[in-house]
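To start, the structure under review is shown below, and the notes come after it.
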């Protein structure tokens, strides 16, 4: 079973997550920030799913951020980011909103409340969505996740995505959040419906 790790090297680790190895140094400078994306790129992706994006001023705390600091937040159907939010963080929290059923999404605030399988699905979907975000792509998403300290049972994010994500794929397909094509899974650009 693959497990999605915490979004940072924080001591706050949700049950079921794999902690980063002792002594892991997170390379925050290596990851792309949302301010580095082409203007309107993240807004366009979020809008494509029918959800909302709110930009927070650089000196303000991010509402609904589970991890704090520059990590993205979620409240209801809205994703919150700051210019210094890492793109992978924005995609991860956004994937949580997409994967929640309608009732959970309407009541969402800070903690996505997902179980282990849904967390795997979120990690997989954030990687797929990277290919649909101008100025980003799957390879950069995997590299940024690696730099940030994502740790999976099988090793690196790329190893997990390639070799050990069957549960995530099955879960996303069951809720019609991806479709399986000859070239691999691709997002449907729909959010999960009622429970």
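Here, each number is a calculation from the coordinates, and none is a lab measurement. If you're wondering where the values come from, they're calculated on a predicted model, not measured in any experiment. Heads up, the Cβs are rebuilt from the backbone with ideal geometry, glycines too, and the neighbour counts pull from every protein chain shown.
Table for the structure above
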| item | result |
| --- | --- |
| Whole-percent pair-distance distribution, where bins are 5 Å wide, for the alpha carbons of the stretch 29-187 | 2, 9, 19, 24, 22, 16, 6, 1, 0, 0 |
| Residue order, fewest to most beta carbons within 10 Å, for 74, 128 | 128, 74 |
| Mean-position separation - Cα centroids, the stretch 138-195 and the stretch 62-114, in angstrom | 17 |
| Inter-site label distance for residue 186 and residue 107 at 7 Å from Cα along Cβ, in nm | 3.6 |
| Gained length - residue 132 relative to residue 57, 0.36 nm times residue gap less alpha-carbon distance | 24.5 nm |
| Among 137-150, 180-193, the order from most to least packed when residues are scored by Cβ within 10 Å on average | 137-150, 180-193 |
| Virtual spin-label span in nm between residue 174 and residue 47, 7 Å along Cα→Cβ | 3.4 |
| The chain, helix-only ellipticity at 222 nm - DSSP H runs n ≥ 4, -39,500 (n - 2.57), divided by all residues, nearest 500 | -10500 deg cm²/dmol |
| Antiparallel %, DSSP beta bridges [both residues in the chain], to 5 | 75 |
| For the stretch 80-168, projected area of the alpha-carbon convex hull averaged over all directions, nm² | 6.1 |
| Highest-first arrangement of 84-96, 42-54, where packing means the average Cβ count within 10 Å | 84-96, 42-54 |
